[in-house]
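Here the structure comes first, spelled out in structure tokens, and everything after it is commentary.
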Amino acid sequence: MELPEKSFIGDLSFPEAPRWRAGQLWFSDMVAKRLCTADPGGTVRTVARFDEMPGGVGFLPDGTPLVVGMSSARVFAVRNGEAEVYAELGDAAAGHCDDMVVSPDGTAYVGAIGEVTADMEGAPAGGGIVSVTPDGQVIRDADELAFPNGAVVTNDGRLLVNETFAERITAFDIDGDGRLTNRRTWAELPRTHPDGIAVDADGAVWVGCYLEGQFVRVLEGGEITDVITTGDRWATGVELGGLDGKTLFLCTADTDVRRFFAGDSHGRIDAVNVDVGVA
């Protein structure tokens, strides 16, 4: 399958971290430094602006949006259109941060990706996951991850995270205190660079393989059942949602590493229908 000719949303910079919530698609438009929503018709609204690139998006149990500040290693809460510091990750992050998933109890799991530059080759040192508990504790919860990127919490209480430069999806159990345990490989994805991730009702995941220009549906163990190609565009964030629960939102960008760091990126979000809906 290829991307549709007409995009769901065009004229973006670098859309990432798409999240379907309460009838809207939320996402970071990273290079434009803003948090956005889009209604089912594709009308975009800017919710908040930032002084740095925003990364992962999640929601507290009361519906408050959380957004990762990538260079400051902070998590922001967005209230009434204003971003306020929710957590300082500091030494626990040991560098830049990227994506995030928030569990139903309000624990935020943030990917710490080390010091990222336009000249980097492979994963920077220091990759791991930092958790922010509902009572405000900041804990280094996992180490030695090769660029932890998109993550999801499954309905049965596991955390799956893409290790972009290890070409795999890694799984953790979440214990009663919200800590990550029992680390293991969920799927090997040779010759790919997994970025965004979304889980469906059958327990499979859709993954954006950004440098390979494709979104793939993956079963535990690594079998690929479906492929959507994006041509020369990076395939980044992915989300299941829509009013029917069977719309797959696909974030892509016309850019490369050096152009991205120079602020030269042209993004869009596409929407395609799939057979298996949201979990």
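The values are calculated or read from the model by the stated rules, or taken from the named source; none is laboratory data. Everything numeric in this text was worked out from a predicted model, so none of it was measured. Neighbour counts are summed over all protein chains in view; Cβ atoms, including those assigned to glycine, are modelled from backbone coordinates with ideal geometry.
Here's the yes/no breakdown for (1) closer than 19 Å to ARG34 by Cα; (2) touching a residue at least 24 places away in the same chain (Cβ under 8 Å); (3) surrounded by 20 or more Cβ atoms within 10 Å (Cβ to Cβ); (4) out of contact with any helix residue (DSSP H, G or I) (no Cβ under 7 Å at 6 or more places or on another chain):
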| position | (1), (2), (3), (4) |
| --- | --- |
| ARG79 | yes, no, no, yes |
| ALA93 | no, yes, yes, yes |
| GLY111 | no, yes, yes, yes |
| PRO124 | no, yes, no, yes |
| VAL132 | no, yes, yes, yes |
| ALA142 | no, yes, yes, yes |
| PRO148 | no, yes, yes, yes |
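LEU180 falls short on exactly one of the conditions (1) of a type in the set (A, V, I, L, M); (2) in contact with a Ser or Thr (Cβ under 8 Å, 6 or more places away or on another chain); (3) closer than 26 Å to ALA253 by Cβ, and that condition is (3).
Of all residues in region 180-194, at least one satisfies being closer than 16 Å to CYS209 by Cβ and either hydroxyl-bearing (Ser, Thr, Tyr) or at pLDDT below 95 (or both). For region 1-48, the candidate set comprises residues that are acidic (Asp, Glu) and either touching a strand residue (DSSP E or B) at 6+ places or on another chain (Cβ under 7 Å) or in a loop (DSSP other than H, G, I, E, B) (or both); within that set, the residue that is farthest from GLY213 (Cα to Cα) is ASP39. Of the strands (runs of 3 or more DSSP E) entirely within region 54-94, those holding at least 1 residues that are at pLDDT 95 or above, of a type in the set (Lys, Arg) and closer than 23 Å to PHE14 by Cα occupy 74-79. Can you find a residue in region 165-187 that is surrounded by 15 or more Cβ atoms within 10 Å (Cβ to Cβ) and more than 22 Å from VAL207 (Cβ to Cβ)? Yes, region 165-187 contains a residue that is surrounded by 15 or more Cβ atoms within 10 Å (Cβ to Cβ) and more than 22 Å from VAL207 (Cβ to Cβ).
So that you can scan it fast, the table gives a plain yes or no per residue for (1) assigned to a loop (DSSP other than H, G, I, E, B); (2) within 21 Å of VAL153 (Cβ to Cβ); (3) among the charged types (D, E, K, R):
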site: ILE197; (1), (2), (3): no, yes, no
site: GLY203; (1), (2), (3): yes, yes, no
site: ARG217; (1), (2), (3): no, yes, yes
site: ARG268; (1), (2), (3): no, no, yes
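Scanning region 204-228 for residues that are closer than 20 Å to ASP99 by Cα, among the β-branched types (Val, Ile, Thr) and in contact with a Lys or Arg (Cβ under 9 Å, 6 or more places away or on another chain) returns VAL205, VAL207.
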